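Scroll down for the structure; my scribbles are underneath it.
The values are calculated or read from the model by the stated rules, or taken from the named source; none is laboratory data. All values reported here derive from a predicted model rather than from experimental measurement. Positions of Cβ are generated from backbone atoms using ideal geometry, with glycine treated the same way; all protein chains shown enter the neighbour counts. For the accessible areas, the whole protein counts, side chains as well, though only heavy atoms, and no ligand, DNA or RNA atoms are used. Shrake-Rupley method; radii C 1.70, N 1.55, O 1.52, S 1.80 Å.
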Amino acid sequence: MDDMDRIAENLRWIDWNDIDDVEINCREALNELAAEPRIVRTRLDELPNQPKLLAMCEHYDILDKIVLHSDDDPGIRIRLHVFLPGYFDRPHNHRWSYASRLLRGQYRHYLFGNAEVDEQMDPNKLPVLQAREEPIGTSYALHHTMVHAVVAEPFTVSLVVRGPAVKDKFLVMDRHTGEAWWQFGAKDESAEEAERKRMTPERLQEVRGQLTEWELF
């Protein structure tokens, strides 16, 4: 068991419905990963030879998601997120509770609360209950029912620990168009959708180079 697996093992006993428990235990894990960059660097170097993890890594026009650890039972993942120029979120909730720590850059975080939402929801009637800056070093945890949105500075980097999925879909809302729609987990995606977002080994190499250039890992 390497250090990444050891850290992940300690997350198996979290009560993911108790956001206080999530925040305390994930903060400890995220702080250790931030303080010991060799742990993440070792896993990044191993990724090209770990096809299961590499297949989970995703690339979008405005975001890269790198999966550093995945545990099918109970379903915990440790990920690295790189926010690309133009990144913004539409208000959404999640299929899981999670915790995050900012390593580089910052983002503006909008919290809409634990709202009862469905596809008939008018996003413009969803009020922002809290707006805050998330600078380097910030860590936080969100329950899966929380509706939120993020506007990130280009090349902001965060570490994320996500808990087990507790539902099959989550709702995304567009406050500009007034539309709302469900998005589903990977097991319910078509092969074309999965292939479209899958990160190539070449893109992974580019991201690893950027992280080295930024002296993060």
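Of note:
- The set of residues in the range 66-83 being over 30 Å from ASP122 (Cβ atoms) and open to solvent by 10 Å² or more (accessible area, probe 1.4 Å) consists of HIS69, SER70, ASP71, ASP72, ASP73, PRO74, GLY75, ARG77, ARG79.
- Selection from the range 1-16 of residues that are in a helix (DSSP H, G or I) and not charged (D, E, K, R): MET4, ILE7, ALA8
- Residue pairs whose Cβ atoms lie under 7 Å apart, separated by 6 or more positions or on different chains, with the first residue in the range 155-184 and farther than 19 Å from SER100 by Cβ and the second open to solvent by less than 30 Å² (accessible area, probe 1.4 Å) and among the small types (Gly, Ala, Ser), are ASP168/GLY185; LEU171/ALA180; MET173/ALA180.
- Flag if GLY137 is under 26 Å from PRO37 (Cα atoms), more than 15 Å from the chain's Cα centre (by Cα) and small (Gly, Ala, Ser): yes
- Scan of the range 17-27 for residues that are at pLDDT 95 or above and either outside any helix (DSSP H, G or I) or surrounded by 15 or more Cβ atoms within 10 Å (Cβ to Cβ) (or both), ordered by number: ASP18, ILE19, ASP21, VAL22, GLU23, ASN25, CYS26, ARG27
- Note on the range 173-217: residues that are part of a loop (DSSP other than H, G, I, E, B) and closer than 30 Å to PHE112 by Cα total 8.
- Among (1) surrounded by 19 or more Cβ atoms within 10 Å (Cβ to Cβ); (2) touching a helix residue (DSSP H, G or I) at 6+ places or on another chain (Cβ under 6 Å), the one test that LEU54 misses: (1)
- Here LYS197, LYS125, LYS167 are screened, and the one residue that is farther than 22 Å from LEU30 by Cβ, modelled with pLDDT of 85 or more and open to solvent by 50 Å² or more (accessible area, probe 1.4 Å) is LYS167.
- Across the range 144-160, the qualifying residues are those that are open to solvent by less than 10 Å² (accessible area, probe 1.4 Å) and of a type outside the set (Val, Ile, Thr), and the one among them that is nearest to GLU32 (Cα to Cα) is LEU159.
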